[in-house]
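Below: the structure, in C-alpha coordinates.
The values are calculated or read from the model by the stated rules, or taken from the named source; none is laboratory data. The structure displayed is predicted, hence computed values, not measured ones. Methodologically, a virtual Cβ is constructed for each residue, glycine included, from the backbone with ideal geometry; neighbour enumeration extends over all protein chains shown. Note: areas computed on protein heavy atoms with side chains; ligands, DNA, RNA excluded. Shrake-Rupley method; radii C 1.70, N 1.55, O 1.52, S 1.80 Å.
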Amino acid sequence: MTTPLATAALCARSSQPRKAPWTMVLGAFFCALGLCLPAAADCVLGPADEIVALERVQDGDTLLLKDGRSVRLIGVNAPELARNGHAAEPLAEEALEFAQRFLGGHGLELVYDRDRRDRYGRVLAHVYNYRGESLEAALLAAGLAFHVAIAPNLALAECLSERQTEARRAGRGIWAPGVWPILNAGEVRPGDGGFVLLRGRVREVDRNRFVWLELDGPVAVRLRREGENGQLVRRDWQDKQIEVKGWLVDRGAKYISRFPQNKRWFIAVDSEFTIEFSRE
(Lines give C-alpha, C1' and ligand atoms only; values in the text may rest on other atoms or scores of the structure.)
Protein backbone atom coordinates (compact mmCIF):
# COMPACT_ATOMS: atom_id res chain seq x y z
CA MET A 1 0.00 0.00 0.00
CA THR A 2 1.30 3.46 -0.87
CA THR A 3 1.95 5.64 2.16
CA PRO A 4 0.93 9.32 2.29
CA LEU A 5 4.60 10.21 2.59
CA ALA A 6 5.52 8.27 -0.54
CA THR A 7 2.60 9.81 -2.40
CA ALA A 8 3.63 13.31 -1.49
CA ALA A 9 7.23 12.61 -2.43
CA LEU A 10 6.43 11.18 -5.85
CA CYS A 11 3.81 13.78 -6.76
CA ALA A 12 6.30 16.67 -6.65
CA ARG A 13 5.71 18.79 -9.74
CA SER A 14 8.40 18.87 -12.40
CA SER A 15 10.03 22.15 -13.38
CA GLN A 16 10.22 20.98 -16.99
CA PRO A 17 7.41 22.47 -19.12
CA ARG A 18 7.00 19.55 -21.54
CA LYS A 19 6.42 15.91 -20.73
CA ALA A 20 7.70 12.97 -22.71
CA PRO A 21 5.01 10.66 -24.12
CA TRP A 22 5.75 7.88 -21.64
CA THR A 23 5.31 10.35 -18.78
CA MET A 24 1.84 11.34 -19.94
CA VAL A 25 0.74 7.72 -20.42
CA LEU A 26 2.17 6.39 -17.18
CA GLY A 27 1.39 9.60 -15.36
CA ALA A 28 -2.34 9.06 -15.70
CA PHE A 29 -2.04 5.56 -14.29
CA PHE A 30 0.23 6.47 -11.40
CA CYS A 31 -1.70 9.60 -10.48
CA ALA A 32 -4.76 7.37 -10.14
CA LEU A 33 -2.76 5.50 -7.50
CA GLY A 34 -1.45 8.70 -5.96
CA LEU A 35 1.99 8.19 -7.54
CA CYS A 36 2.29 11.08 -9.99
CA LEU A 37 5.30 10.81 -12.28
CA PRO A 38 7.65 13.74 -12.84
CA ALA A 39 8.88 14.47 -16.34
CA ALA A 40 12.33 13.10 -17.20
CA ALA A 41 14.63 13.34 -20.19
CA ASP A 42 16.16 10.10 -21.37
CA CYS A 43 19.86 9.31 -21.25
CA VAL A 44 20.57 7.59 -24.55
CA LEU A 45 23.91 5.92 -25.26
CA GLY A 46 23.37 4.51 -28.74
CA PRO A 47 21.47 1.91 -30.77
CA ALA A 48 20.39 -1.30 -29.08
CA ASP A 49 22.92 -4.09 -28.79
CA GLU A 50 20.09 -6.56 -28.14
CA ILE A 51 16.31 -6.59 -28.21
CA VAL A 52 15.08 -9.04 -25.58
CA ALA A 53 11.87 -10.32 -23.99
CA LEU A 54 11.10 -9.59 -20.35
CA GLU A 55 10.01 -12.43 -18.04
CA ARG A 56 9.51 -10.28 -14.94
CA VAL A 57 10.85 -7.34 -12.97
CA GLN A 58 12.59 -8.71 -9.88
CA ASP A 59 13.05 -5.35 -8.19
CA GLY A 60 13.60 -1.74 -9.18
CA ASP A 61 17.02 -2.35 -10.71
CA THR A 62 17.04 -6.04 -11.66
CA LEU A 63 15.17 -7.82 -14.46
CA LEU A 64 14.75 -11.46 -15.44
CA LEU A 65 14.62 -12.17 -19.18
CA LYS A 66 12.67 -14.97 -20.85
CA ASP A 67 15.96 -16.58 -21.90
CA GLY A 68 16.87 -16.97 -18.21
CA ARG A 69 19.43 -14.21 -17.97
CA SER A 70 19.33 -11.67 -15.14
CA VAL A 71 19.95 -8.02 -16.03
CA ARG A 72 21.30 -5.48 -13.55
CA LEU A 73 20.71 -1.87 -14.59
CA ILE A 74 23.86 0.21 -14.95
CA GLY A 75 24.08 3.40 -12.94
CA VAL A 76 21.26 2.97 -10.44
CA ASN A 77 20.60 1.28 -7.12
CA ALA A 78 16.93 0.96 -6.18
CA PRO A 79 15.69 0.31 -2.63
CA GLU A 80 15.79 -3.36 -1.64
CA LEU A 81 12.64 -5.42 -1.23
CA ALA A 82 12.06 -7.44 1.94
CA ARG A 83 14.13 -10.64 1.93
CA ASN A 84 15.97 -13.00 4.25
CA GLY A 85 14.31 -11.58 7.34
CA HIS A 86 15.18 -7.98 6.46
CA ALA A 87 12.40 -5.42 6.04
CA ALA A 88 11.94 -3.64 2.72
CA GLU A 89 13.80 -0.37 2.32
CA PRO A 90 11.77 2.83 1.84
CA LEU A 91 9.93 2.96 -1.52
CA ALA A 92 11.15 -0.49 -2.63
CA GLU A 93 7.65 -1.60 -3.65
CA GLU A 94 7.05 1.68 -5.47
CA ALA A 95 10.30 1.26 -7.43
CA LEU A 96 9.29 -2.28 -8.42
CA GLU A 97 5.85 -1.19 -9.58
CA PHE A 98 7.28 1.81 -11.42
CA ALA A 99 9.66 -0.43 -13.40
CA GLN A 100 6.87 -2.89 -14.21
CA ARG A 101 4.59 -0.18 -15.58
CA PHE A 102 7.38 1.65 -17.39
CA LEU A 103 8.46 -1.48 -19.26
CA GLY A 104 4.87 -2.58 -19.82
CA GLY A 105 5.64 -6.22 -20.60
CA HIS A 106 6.97 -5.37 -24.07
CA GLY A 107 10.36 -6.07 -25.60
CA LEU A 108 13.36 -4.32 -24.10
CA GLU A 109 16.41 -2.74 -25.63
CA LEU A 110 19.76 -3.46 -23.99
CA VAL A 111 22.74 -1.20 -24.59
CA TYR A 112 26.08 -2.32 -23.18
CA ASP A 113 28.82 -0.24 -21.64
CA ARG A 114 32.39 -1.51 -21.15
CA ASP A 115 31.84 -4.37 -18.66
CA ARG A 116 28.99 -6.70 -19.64
CA ARG A 117 28.84 -8.92 -16.53
CA ASP A 118 29.07 -8.34 -12.81
CA ARG A 119 30.68 -10.68 -10.28
CA TYR A 120 27.37 -12.51 -9.83
CA GLY A 121 27.13 -13.32 -13.53
CA ARG A 122 24.33 -10.86 -14.21
CA VAL A 123 24.21 -8.92 -17.47
CA LEU A 124 25.08 -5.25 -16.98
CA ALA A 125 23.16 -3.02 -19.37
CA HIS A 126 21.41 0.27 -19.94
CA VAL A 127 17.75 -0.66 -20.36
CA TYR A 128 15.20 1.07 -22.59
CA ASN A 129 11.52 0.32 -23.09
CA TYR A 130 9.95 -0.33 -26.49
CA ARG A 131 9.70 3.42 -27.07
CA GLY A 132 13.47 3.77 -26.57
CA GLU A 133 13.16 5.54 -23.21
CA SER A 134 15.66 4.97 -20.41
CA LEU A 135 14.46 3.08 -17.35
CA GLU A 136 17.46 4.31 -15.36
CA ALA A 137 16.74 7.96 -16.14
CA ALA A 138 13.06 7.52 -15.29
CA LEU A 139 13.76 5.85 -11.92
CA LEU A 140 16.23 8.56 -10.95
CA ALA A 141 13.97 11.41 -12.04
CA ALA A 142 11.12 9.93 -9.98
CA GLY A 143 13.32 9.66 -6.89
CA LEU A 144 13.00 5.88 -6.83
CA ALA A 145 16.70 5.01 -7.08
CA PHE A 146 20.14 6.36 -6.29
CA HIS A 147 22.67 7.09 -8.99
CA VAL A 148 25.76 4.90 -8.54
CA ALA A 149 28.69 5.34 -10.91
CA ILE A 150 30.89 2.24 -10.99
CA ALA A 151 33.92 2.07 -13.27
CA PRO A 152 34.36 1.29 -16.06
CA ASN A 153 30.64 1.64 -16.95
CA LEU A 154 30.55 5.42 -16.82
CA ALA A 155 29.37 6.36 -20.32
CA LEU A 156 26.07 7.84 -19.06
CA ALA A 157 27.21 8.85 -15.58
CA GLU A 158 26.90 12.59 -16.14
CA CYS A 159 23.40 12.38 -17.64
CA LEU A 160 22.13 10.03 -14.93
CA SER A 161 23.63 12.24 -12.24
CA GLU A 162 21.63 15.16 -13.64
CA ARG A 163 18.40 13.15 -13.37
CA GLN A 164 19.16 12.44 -9.71
CA THR A 165 19.98 16.09 -9.05
CA GLU A 166 16.59 17.11 -10.46
CA ALA A 167 14.78 14.68 -8.16
CA ARG A 168 16.79 15.76 -5.13
CA ARG A 169 16.13 19.44 -5.70
CA ALA A 170 12.42 18.72 -6.05
CA GLY A 171 12.38 16.48 -2.96
CA ARG A 172 10.95 13.50 -4.81
CA GLY A 173 10.80 9.94 -3.49
CA ILE A 174 13.88 8.96 -1.49
CA TRP A 175 14.89 12.64 -1.38
CA ALA A 176 11.76 13.75 0.44
CA PRO A 177 12.45 14.78 4.06
CA GLY A 178 12.52 11.82 6.42
CA VAL A 179 12.25 9.09 3.76
CA TRP A 180 15.82 7.81 3.46
CA PRO A 181 18.18 7.97 6.47
CA ILE A 182 21.60 9.58 6.18
CA LEU A 183 24.17 7.59 8.16
CA ASN A 184 26.81 9.59 10.02
CA ALA A 185 30.31 8.11 9.86
CA GLY A 186 30.79 8.47 13.59
CA GLU A 187 27.70 6.36 14.30
CA VAL A 188 28.65 3.24 12.30
CA ARG A 189 28.51 0.14 14.47
CA PRO A 190 28.91 -3.66 14.05
CA GLY A 191 26.05 -4.93 11.94
CA ASP A 192 26.04 -1.89 9.68
CA GLY A 193 26.70 -2.52 6.02
CA GLY A 194 25.13 -2.60 2.59
CA PHE A 195 24.16 0.40 0.52
CA VAL A 196 24.25 3.68 2.45
CA LEU A 197 24.09 7.42 2.04
CA LEU A 198 26.88 8.42 4.40
CA ARG A 199 28.08 11.76 5.71
CA GLY A 200 31.30 12.46 7.58
CA ARG A 201 34.28 14.78 7.98
CA VAL A 202 37.68 13.96 6.50
CA ARG A 203 40.20 13.85 9.34
CA GLU A 204 43.17 12.50 7.42
CA VAL A 205 44.18 11.67 3.85
CA ASP A 206 46.46 8.65 3.31
CA ARG A 207 47.99 7.41 0.07
CA ASN A 208 49.22 4.05 -1.12
CA ARG A 209 47.94 2.46 -4.33
CA PHE A 210 44.64 4.11 -3.37
CA VAL A 211 43.79 7.42 -1.75
CA TRP A 212 42.04 6.92 1.60
CA LEU A 213 39.84 9.58 3.13
CA GLU A 214 39.83 8.75 6.83
CA LEU A 215 36.56 10.00 8.31
CA ASP A 216 35.51 10.76 11.84
CA GLY A 217 34.43 7.40 13.19
CA PRO A 218 35.48 3.94 11.95
CA VAL A 219 34.97 4.57 8.22
CA ALA A 220 37.30 5.38 5.32
CA VAL A 221 36.48 6.24 1.72
CA ARG A 222 38.73 4.59 -0.89
CA LEU A 223 39.49 6.45 -4.11
CA ARG A 224 41.16 4.87 -7.11
CA ARG A 225 44.20 6.84 -8.26
CA GLU A 226 43.92 5.98 -11.95
CA GLY A 227 41.44 6.54 -14.77
CA GLU A 228 38.54 8.93 -14.39
CA ASN A 229 39.31 9.69 -10.74
CA GLY A 230 42.16 12.11 -11.37
CA GLN A 231 40.09 15.13 -10.38
CA LEU A 232 38.98 13.45 -7.16
CA VAL A 233 42.51 12.47 -6.17
CA ARG A 234 43.80 16.02 -6.64
CA ARG A 235 40.97 17.64 -4.68
CA ASP A 236 41.65 19.11 -1.24
CA TRP A 237 39.61 16.84 1.05
CA GLN A 238 41.28 17.65 4.36
CA ASP A 239 38.73 18.65 7.06
CA LYS A 240 35.91 18.77 4.50
CA GLN A 241 32.43 17.50 5.31
CA ILE A 242 31.54 15.00 2.58
CA GLU A 243 28.62 12.89 1.44
CA VAL A 244 29.11 9.57 -0.33
CA LYS A 245 26.78 6.92 -1.78
CA GLY A 246 27.91 3.33 -1.91
CA TRP A 247 28.28 -0.06 -0.30
CA LEU A 248 29.64 0.02 3.23
CA VAL A 249 32.08 -2.88 3.63
CA ASP A 250 32.86 -4.29 7.08
CA ARG A 251 36.35 -5.81 7.14
CA GLY A 252 35.61 -7.30 10.56
CA ALA A 253 37.04 -7.36 14.04
CA LYS A 254 39.86 -9.77 13.08
CA TYR A 255 41.08 -7.36 10.41
CA ILE A 256 41.24 -4.51 12.92
CA SER A 257 43.11 -6.66 15.43
CA ARG A 258 45.77 -7.24 12.75
CA PHE A 259 45.76 -3.70 11.36
CA PRO A 260 44.66 -1.40 14.21
CA GLN A 261 45.90 1.67 12.32
CA ASN A 262 43.21 1.18 9.65
CA LYS A 263 39.46 1.76 9.65
CA ARG A 264 37.17 -1.24 9.99
CA TRP A 265 34.62 -0.05 7.40
CA PHE A 266 35.20 1.45 3.96
CA ILE A 267 33.31 2.61 0.88
CA ALA A 268 34.94 2.34 -2.55
CA VAL A 269 34.44 5.32 -4.87
CA ASP A 270 34.93 4.98 -8.63
CA SER A 271 33.68 8.33 -9.86
CA GLU A 272 33.23 11.98 -8.96
CA PHE A 273 29.46 11.44 -9.29
CA THR A 274 29.46 9.26 -6.15
CA ILE A 275 31.07 11.67 -3.69
CA GLU A 276 30.74 15.37 -3.02
CA PHE A 277 31.20 18.01 -0.40
CA SER A 278 28.24 17.88 1.95
CA ARG A 279 25.30 20.21 1.42
CA GLU A 280 25.02 20.68 5.18
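Taking the highest mean first, how do the peptides 68-74, 110-116, 262-268 order by number of other beta carbon atoms within 10 angstrom per residue? Please list the in-between numbers first.
Working: 68-74: 18.4, 110-116: 15.9, 262-268: 20.4.
Sorting 68-74, 110-116, 262-268 by mean packing, highest first, produces 262-268, 68-74, 110-116.
Let me see the pair-distance distribution of segment 193-280: every alpha carbon pair, 10 Å bin width, integer percents in order.
All Cα pairs considered, the percentages come to 18, 54, 26, 2.
Hey, what's segment 44-181 come to in accessible area per residue, 1.4 Å probe, Å²? Before the final figure, lay out each step's value.
Values: 5750 Å² over 138 residues.
Here the residues of segment 44-181 average 42 Å² of exposed surface.
Over what distance in Å are the Cα centres of segment 256-276 and segment 193-217 separated?
5 Å
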